[in-house]
Every structure is written in C-alpha cells, then in structure tokens.
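See below for the structure under consideration.
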Amino acid sequence: DVIYIGNENGNLYALELETGEELWSLSLGGGIWTAPLIVEEIIYVGSQTGTVYAVDSRTHEIRWEFESGGWVMSPPAWENGIVFVTGGANLYGLHGETGEVIWQKSIGEFWGPHAVSDGVVYAGNDDSSFYALESSTGDVLWSYDAGDDGWSAPAMGDGFVYFGNRLSQLFALDAETGDLRWTFKAEDWTTTDPVIANGVLYLAVGNHDNRDGPRPLYAIDAETGEELWRFEADGRLLTPPAVGDQFLYIVSFPGTV
C-alpha cells in the first residue's frame with residue numbers, strides 16, 4: 001500500500017497509495033532516474049552519482065551503500081538473494097543483505113538495462129553485443145552481435161529473450177543458446193522496453209533525436225514475430241505500455257494518455 005519514488009534531487013519518497021500523502025522521505029544525494037526495486041522490506045535504488053543504496057522500508061535507514069563506478073541508469077534486478085546493478089562499464093552481482101561484491105563484469109564502457117531469469121542475467125553492452133551471463137558467477141554463457149547499442153530492457157517468455165536497439169529492430173533470441181529466432185523491423189528506435197503478456201509482445205517506439213510525427217504501438221506474436229496490429233499515437237512513445245485486464249495504457253511525448 002506504499003509507492004516508492006525517487007527524483008532528480010536525490011530524494012527517495014514513500015507515499016500512501018490511497019491518498020498520496022508523504023509517509024517519509026530520505027535524501028540520498030545524487031539524482032534517482034530509475035524505479036526502485038522492492039524485495040520484502042528492502043528498497044534497492046541507484047543514483048546518478050553511481051551509489052547503490054539498500055534502504056529499510058520500516059526504519060527508513062540505509063542498510064548499506066555501494067559505489068558502482070558510474071551513473072546507475074538501470075533499475076536493479078534481484079534473484080536468489082543477489083542484487084544485479086550496473087554502473088558505467090560495470091555489471092555487478094551484489095549480496096542482497098550486505099552489498100558485498102560477489103562478482104563484477106566489465107566489457108566496453110557502458111552496460112544497458114538488464115534483467116534476470118532462471119539463473120541468467122541478460123544485458124546489452126556498448127560493444128553492440130547482447131549478453132547472457134551466469135547469475136551466480138558473472139561468466140558469459142553466450143553473446144549476440146546486434147549491430148548497434150542503445151538498448152531496451154530485455155523481456156523474457158516461453159524460452160525467448162526479446163530486446164531492441166537503435167537499429168529499429170526487435171530481436172527474439174533463444175534464451176538458452178542465444179540463437180536468433182526472428183527479428184521485427186519497426187518505424188523508429190526500439191529502445192523503449194517491450195512488454196509481453198499472453199503470448200503477445202507489445203512494442204512502443206520513439207527516440208530523443210527525431211521529435212516530429214506520430215509513432216506506432218505494435219502488437220506482435222511473441223513466437224513468430226508476426227505483426228498482429230498497430231495503433232498510431234500522436235507522438236513519440238518513450239515509456240513502455242502498461243497491460244491491464246482489458247486495456248493497454250500508453251503515454252506519448254506530447255503528454256497524451
């Protein structure tokens with residue numbers, strides 16, 4: 001019943017869900033540009049200064065903090081007691097209780113958004129390759145050269161991993177082997193995170209460079225890559241859609257819901 005949100009001034013807020021009343025706030029210093037991750041009573045959040053914090057949601061105290069070495073631009077991920085965070089050139093697996101480094105992987109100069117599923121961390125790097133890493137060790141299981149960087153967060157489902165980049169392509173890879181299953185060509189950058197629900201992949205597109213004109217939201221068959229339908233929005237779609245019981249909710253850059 002509590003919403004946790006950060007802002008560019010480095011404050012973490014706890015808001016009462018029903019009323020929006022501020023329950024408490026905590027100043028963490030650098031700007032918070034990503035969503036916090038809540039695991040039981042712990043809130044994990046990264047900042048523009050490169051610091052990752054573990055905050056106790058009951059006492060509002062910092063349990064631990066970790067210097068990642070670069071701007072934390074991706075939300076943390078968690079599985080089996082390990083918190084996965086990026087910081088510039090570094091991808092880390094941290095002990096969720098203590099913040100101790102379990103492993104660190106540095107490839108290129110920048111890691112994109114990441115996700116974890118079934119013991120594997122998936123993330124793109126600025127070397128234009130997309131990686132699958134063993135979650136307990138950080139060892140690379142496979143990589144796929146996608147031709148460019150500027151990544152969306154990965155989405156996983158039914159043995160596939162899906163992601164896009166600045167080539168305006170959506171890629172579907174075999175999650176176990178990294179083999180390409182299909183690609184889908186969109187009308188603009190596919191850096192907005194894809195969302196999967198009930199065998200359908202929803203893809204909203206848009207970029208920060210070209211601001212003119214409408215942009216589509218695609219519904220794509222997750223197994224085959226076939227376009228099922230599209231909806232033309234009145235501007236760039238820079239955030240992923242939210243999937244409800246009967247509706248999809250999207251927000252365009254002009255401010256239309």
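The values are calculated or read from the model by the stated rules, or taken from the named source; none is laboratory data. All values reported here derive from a predicted model rather than from experimental measurement. So basically every Cβ, Gly included, is an ideal-geometry build from the backbone, and we count neighbours across all protein chains shown. Heavy atoms of the whole protein, side chains included, go into the accessibility calculation; ligands, DNA and RNA do not. Shrake-Rupley method; radii C 1.70, N 1.55, O 1.52, S 1.80 Å.
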Arg181 in a strand (DSSP E or B), closer than 19 Å to Gly124 by Cα and open to solvent by 60 Å² or more (accessible area, probe 1.4 Å): yes
Only one residue in Glu16, Glu41 is surrounded by fewer than 19 Cβ atoms within 10 Å (Cβ to Cβ) and in contact with a Lys or Arg (Cβ under 9 Å, 6 or more places away or on another chain), so which one is that? Glu41
Pairs only if they're at least six apart or on different chains, beta carbon under 6 angstrom, first in region 146-165 and surrounded by fewer than 21 Cβ atoms within 10 Å (Cβ to Cβ), second of a type in the set (S, T, N, Q) and part of a strand (DSSP E or B); list them, first residue then second. Met156/Ser117
Quick check on region 166-177: of everything there that is open to solvent by 10 Å² or more (accessible area, probe 1.4 Å) and of a type in the set (Gly, Ala, Ser), which residue is modelled with the lowest pLDDT? Ser168
Of all residues making up region 5-61, the number that are within 21 Å of the chain's Cα centre (by Cα), polar (S, T, N, Q) and more than 20 Å from Gly99 (Cα to Cα): 2
Does Val121 satisfy the condition of being of a type in the set (Val, Ile, Thr), open to solvent by less than 40 Å² (accessible area, probe 1.4 Å), out of contact with any His (no Cβ under 7 Å at 6 or more places or on another chain) and outside any loop (DSSP other than H, G, I, E, B)? no
Of these, Gly88, Gly112, Gly81, Gly99, which one is closer than 29 Å to Tyr144 by Cα and modelled with pLDDT of 95 or more? Gly81
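The rows are residues; the columns are (1) within 19 Å of Ile42 (Cβ to Cβ); (2) under 17 Å from the mean Cα position of the chain (by Cα); (3) not in a strand (DSSP E or B).
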{"site": "Gly93", "(1), (2), (3)": "yes, yes, no"}
{"site": "Glu97", "(1), (2), (3)": "yes, no, yes"}
{"site": "Ile102", "(1), (2), (3)": "yes, no, no"}
{"site": "Glu109", "(1), (2), (3)": "no, no, yes"}
{"site": "Asp127", "(1), (2), (3)": "no, no, yes"}
{"site": "Leu133", "(1), (2), (3)": "no, yes, no"}
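Among the residues of region 58-75, how many are in contact (Cβ under 8 Å) with a residue 40 or more places away in the chain and either crowded, with 18+ Cβ neighbours inside 10 Å or under 17 Å from Gly31 (Cβ atoms) (or both)? Before the answer, list the steps.
Step one: of region 58-75, the residues in contact (Cβ under 8 Å) with a residue 40 or more places away in the chain are 60, 70, 73-75.
Keeping just the survivors that are either crowded, with 18+ Cβ neighbours inside 10 Å or under 17 Å from Gly31 (Cβ atoms) (or both) gives 70, 73-75.
Count: 4.
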Can you tell me which condition Leu91 does not meet? The list is (1) out of contact with any Lys or Arg (no Cβ under 7 Å at 6 or more places or on another chain); (2) closer than 21 Å to Asp126 by Cβ, and all the others hold. (1)
Verdict on Gly31 being open to solvent by less than 10 Å² (accessible area, probe 1.4 Å) and not in a strand (DSSP E or B): yes
Only residues that are in a strand (DSSP E or B) and within 21 Å of Leu180 (Cβ to Cβ): list them for region 213-227, please. Tyr218, Ile220, Asp221, Glu227
Out of (1) touching a strand residue (DSSP E or B) at 6+ places or on another chain (Cβ under 6 Å); (2) open to solvent by 10 Å² or more (accessible area, probe 1.4 Å), the one Trp111 does not meet is (2)
Against the condition open to solvent by less than 20 Å² (accessible area, probe 1.4 Å), at pLDDT below 95, in a loop (DSSP other than H, G, I, E, B) and hydroxyl-bearing (Ser, Thr, Tyr), how does Thr239 come out, does it pass? no
